[in-house]
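Below: the structure, in structure tokens.
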Amino acid sequence: MHIYTNSNLFPGRKKVIAGIILGVSIILAWRLFVLQIADPSYKAFSQSNYLRYITDYPSRGLIYDRHGELLVYNEAHYDLMVIPGQVKDIDTLEFCNLLGIDVASFESRLLQARRFSRFRASVFERQISKTTFAAFQEKLFRFPGFFVQPRTLRKYTYPMATHTFGYVGEAGPNIINNDPYYRPGDHIGISGIEKAYEKELRGVKGLRIRMVDVLNRDIGAFHDGRYDSLAVAGKDLYTTLDATLQLYGEKLMHNKRGSIVAIEPATGEILSLVSSPSFDPGLLVGRQRTRNYRTLQNDTLKPLFNRALMAQYPPGSVFKVISTLIALQEGVIHENTSYGCSGIYHTRGISVRCRSHPSPVNVITAIQHSCNTYASIIFQNTINQPHFENIQESYAHWRNYVQNFGLGRHFGSDLSYELPGLIATPDYYDRLYGPSGWRSQTILSLGIGQGELGVTPMQLANMTTAIANRGHYITPHMVKAIGEAQNANNRYSLANNIPIDREHFETMIRAMHHVVKDGTGSFSRIPGIEMAGKTGTVQNPHGENHSVFVAFAPVDDPKIAISVIVENAGYGSVWAAPIASLMIEQYLTGEVNRRWFEQRVLEASFLTNTP
């Protein structure tokens, strides 16, 4: 029997079937496109199930003192990381017991991690101790989605120089948004040289891609580590600090509020920077950092406040050295210009009292005995010079001299958060009194270092450095070398010259030498060491006056210049000068022989004198 077939029978069926096949193919192709290209979450989820991206954090650079003694180093800790998309079927109670947290904290942290990303790792628990890590590591396979990432935390050889080192904390949202290097959980220098040299200290992060099995166990490197990158350790810093001197300064300032700043005049290198009260820098490291910071912040003694760089005081009588140098340079006086002192100076209703001392006095003896009368007269005569058209012009000229010593401006050094201090402008007095309402008598207190003057202890030490150098200073700085001890930090090497003749500095140095030899600072003479200095007592309307002293030694070849401020301690000659004297003796000789003198300072406490 012959069967006849006609290929043209049901012609529409073939088209329908072909259309269905084509449609299904398009849908499948579209889904593949979405899964593999258009929607990265599927790819991320797939990869997150078998790939683990581990950031290798570099070791932060070490910090040494000027003699190569290690001061700041690193200690291993661990961060527990989580990929929320992989977390399933875990024993939450066992997990919490191992970590020492409650279930509510677990759920809150996991929710926060999900909000960041379901497929990218984020920190679940920071800075796990070695003990906790050891116990947790053994059972980590039971908790899919979690893994441990090594980190390092700062450790300190001595509990000192807290304000100088600064501290490291977690990078905030503003930093993360503005700097692509930082990711959530990364650490960054917050203050001190940790902040100033963050880029040098931090190093470069590395990346490891590891494969894991269904039990979250590491089964090897992805493509034999072809896509891994190595971390690069941060550069070490060699600071200008003398660790022995720093420790001694903090010991002397125990139970006192104030600061010590010591500088090597020839280089501008800071030998010691003490702000008191202070605290152990280790308190701002680790899991307790936030709680400790809050406690320190609420402390009425303000240990977080860096008095050496941020406290602003009227300089008191130590300012007379600048005012006198300006008068000498302007030709208002010469070395032997003399004025009598009766114990009180009157001018147009203004009275300035002075301590008892021989009279008359010239430049040398006025500084030697800290004569207020002499300082007031020469300041007035400097401002009243007839070749200036008005007081605004003459005062601006005088103010410019003062700023050349580094007062009333930022140094631009490697010290974080330094304040510029205050030297009032002519506009300030114009607003206060009117353009024609003020004259030299109105601002007479400036001549003795009071009134609208505010200087930091760092600025006073730098001023003293400029005098020790006979007319110039190198910007004060804290880092001597970067990377290797021989890699000098040349960022601060240019001299800042002061437009006052050297001969006037020589005159001032002889005067300051007499202050210590047989003047107001003679109580603090150091046997065998020629020291030049100037005492000051800063008026404090809120309580006992502040004790101030600046000095340098040896006179003919200065190795150290120093400023000391002890708040609410009274006369500069009684407390600040002895502390400076002990610091200089320790630095120049390596020991202190005046034990009774030292003991007197160590036993003194002025915290109860504060308002």
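Can you tell me which of (1) part of a loop (DSSP other than H, G, I, E, B); (2) closer than 19 Å to Leu607 by Cα is the one Ala266 doesn't meet?
(2)
Counting only residues that are within 11 Å of Leu273 (Cβ to Cβ) and surrounded by 23 or more Cβ atoms within 10 Å (Cβ to Cβ), which one in the range 246-260 is farthest from the chain's Cα centre (by Cα)?
We begin by selecting, within the range 246-260, every residue within 11 Å of Leu273 (Cβ to Cβ); these are 246, 249-250, 259-260.
Remaining after also requiring surrounded by 23 or more Cβ atoms within 10 Å (Cβ to Cβ): 246, 249, 259-260.
Numbers: Gln246: 16, Gly249: 18, Ser259: 15, Ile260: 15 Å.
Only one residue tops the list, namely Gly249.
Check Thr267 against each of (1) under 22 Å from Glu198 (Cα atoms); (2) surrounded by fewer than 19 Cβ atoms within 10 Å (Cβ to Cβ); (3) in contact with a strand residue (DSSP E or B) (Cβ under 9 Å, 6 or more places away or on another chain) and name the one condition it does not meet.
(1)
Which of the residues that make up the range 284-341 are more than 30 Å from Thr365 (Cβ to Cβ) and of a type in the set (Val, Ile, Thr)?
Here is the first cut: in the range 284-341, the ones more than 30 Å from Thr365 (Cβ to Cβ) are 284-312.
Once the filter is applied, which keeps residues that are more than 30 Å from Thr365 (Cβ to Cβ) and of a type in the set (Val, Ile, Thr), the range 284-341 yields Val285, Thr290, Thr295, Thr300.
In the range 588-606, what count of residues is obtained for those that are among the aromatic types (Phe, Trp, Tyr) and crowded, with 16+ Cβ neighbours inside 10 Å?
Residues meeting the conditions: 2.
Take the conditions farther than 23 Å from Ala604 by Cβ and within 18 Å of the chain's Cα centre (by Cα) and apply them to Leu273. Does it pass?
On the way: farther than 23 Å from Ala604 by Cβ: no; within 18 Å of the chain's Cα centre (by Cα): yes.
It is false that Leu273 is farther than 23 Å from Ala604 by Cβ and within 18 Å of the chain's Cα centre (by Cα).
Going residue by residue through the range 363-381, is there one that turns out to be assigned to a strand (DSSP E or B) and either crowded, with 19+ Cβ neighbours inside 10 Å or outside the structural domain of Glu567 (by TED's automatic domain parsing) (or both)?
No, the range 363-381 contains no residue that is assigned to a strand (DSSP E or B) and either crowded, with 19+ Cβ neighbours inside 10 Å or outside the structural domain of Glu567 (by TED's automatic domain parsing) (or both).
Please work out which residue is surrounded by the most Cβ atoms within 10 Å (Cβ to Cβ), limiting yourself to the range 278-302 and to residues that are under 15 Å from His163 (Cβ atoms) and more than 18 Å from the chain's Cα centre (by Cα).
Per the stated criteria, the residue is Leu301.
Which residue is nearest to Arg202 (Cα to Cα), if the candidates are limited to the range 224-238 and must be of a type outside the set (A, V, I, L, M) and touching a residue at least 12 places away in the same chain (Cβ under 8 Å)?
Gly234
Only helices (runs of 4 or more DSSP H) wholly contained in the range 93-190 count here; list those with 1 or more residues that are closer than 30 Å to Ala243 by Cα and among the β-branched types (Val, Ile, Thr).
162-165
Taking the range 60-78 on its own, how many of its residues are surrounded by fewer than 22 Cβ atoms within 10 Å (Cβ to Cβ) and of a type in the set (Asp, Glu)?
2
State whether the residues of the range 224-238 include one that is within 23 Å of Ala604 (Cβ to Cβ), assigned to a helix (DSSP H, G or I) and of a type outside the set (Ser, Thr, Tyr). It would help to see each step written out before you state the result.
From the range 224-238, those within 23 Å of Ala604 (Cβ to Cβ) are none; that's our starting set.
No: zero hits.
Which of (1) among the β-branched types (Val, Ile, Thr); (2) at pLDDT below 85; (3) outside any helix (DSSP H, G or I) does Ile90 not meet, given it meets every other one?
Only one criterion is unmet by Ile90, namely (2).
Considering only the range 423-440, state which residues are surrounded by 15 or more Cβ atoms within 10 Å (Cβ to Cβ) and either at pLDDT below 95 or outside any strand (DSSP E or B) (or both).
Correct list: Ala424, Thr425, Pro426, Tyr429, Asp430, Trp438, Arg439, Ser440.
Is it the case, given these coordinates, that Glu250 is acidic (Asp, Glu), more than 30 Å from Val87 (Cβ to Cβ) and either at pLDDT below 90 or touching a His at 6+ places or on another chain (Cβ under 8 Å) (or both)?
Here the answer is no, as Glu250 does not meet what is asked.
Return yes when Gly316 is of a type in the set (Gly, Ala, Ser), in contact with a helix residue (DSSP H, G or I) (Cβ under 6 Å, 6 or more places away or on another chain) and touching a residue at least 40 places away in the same chain (Cβ under 8 Å) and no when it is not.
No: the conditions fail for Gly316.
Taking the criterion of being on the phi > 0 side of the Ramachandran plot, in contact (Cβ under 8 Å) with a residue 12 or more places away in the chain and surrounded by 15 or more Cβ atoms within 10 Å (Cβ to Cβ), would at least one residue in the range 391-410 satisfy it?
Taking the range 391-410 as the starting set, the residues that turn out to be on the phi > 0 side of the Ramachandran plot are 406, 408.
With in contact (Cβ under 8 Å) with a residue 12 or more places away in the chain added as a condition, the list becomes 406, 408.
Now drop any that are not surrounded by 15 or more Cβ atoms within 10 Å (Cβ to Cβ), which leaves 406, 408.
Within the range 391-410, one or more residues are on the phi > 0 side of the Ramachandran plot, in contact (Cβ under 8 Å) with a residue 12 or more places away in the chain and surrounded by 15 or more Cβ atoms within 10 Å (Cβ to Cβ).
Going residue by residue through the range 392-407, is there one that turns out to be among the hydroxyl-bearing types (Ser, Thr, Tyr) and in a loop (DSSP other than H, G, I, E, B)?
Checked against the condition, which is being among the hydroxyl-bearing types (Ser, Thr, Tyr) and in a loop (DSSP other than H, G, I, E, B), the range 392-407 yields no hits at all.
For residues in the range 441-484 being more than 32 Å from the chain's Cα centre (by Cα) and among the aliphatic types (A, V, I, L, M), which is surrounded by the fewest Cβ atoms within 10 Å (Cβ to Cβ)?
Looking at residues that are more than 32 Å from the chain's Cα centre (by Cα) and among the aliphatic types (A, V, I, L, M), I get Ile443.
Quick check on my filter: what residues within the range 332-354 are surrounded by 15 or more Cβ atoms within 10 Å (Cβ to Cβ), within 14 Å of Phe379 (Cα to Cα) and not polar (S, T, N, Q)?
Val332, Ile333, Tyr339, Tyr345, Val352
Got a sec? Which of Thr324, Thr337, Thr290 is among the polar types (S, T, N, Q), free of Cβ contacts under 8 Å to residues at least 60 places away in the same chain, out of contact with any Asp or Glu (no Cβ under 8 Å at 6 or more places or on another chain) and in a helix (DSSP H, G or I)?
Thr290
Just one of Phe405, Phe388, Phe411 is at pLDDT 95 or above, in the same structural domain as Thr475 (by TED's automatic domain parsing) and closer than 23 Å to Leu273 by Cβ; which is it? Break it down into steps so the answer makes sense when it comes.
Values: Phe388 fails: closer than 23 Å to Leu273 by Cβ; Phe411 fails: at pLDDT 95 or above.
That would be Phe405, the only listed residue that is at pLDDT 95 or above, in the same structural domain as Thr475 (by TED's automatic domain parsing) and closer than 23 Å to Leu273 by Cβ.
The values are calculated or read from the model by the stated rules, or taken from the named source; none is laboratory data. Keep in mind it's a predicted model, so treat the numbers as computed, not measured. As a convention, Cβ positions derive from the backbone with ideal geometry for all residues, glycine included, and neighbour counts pool all protein chains shown.
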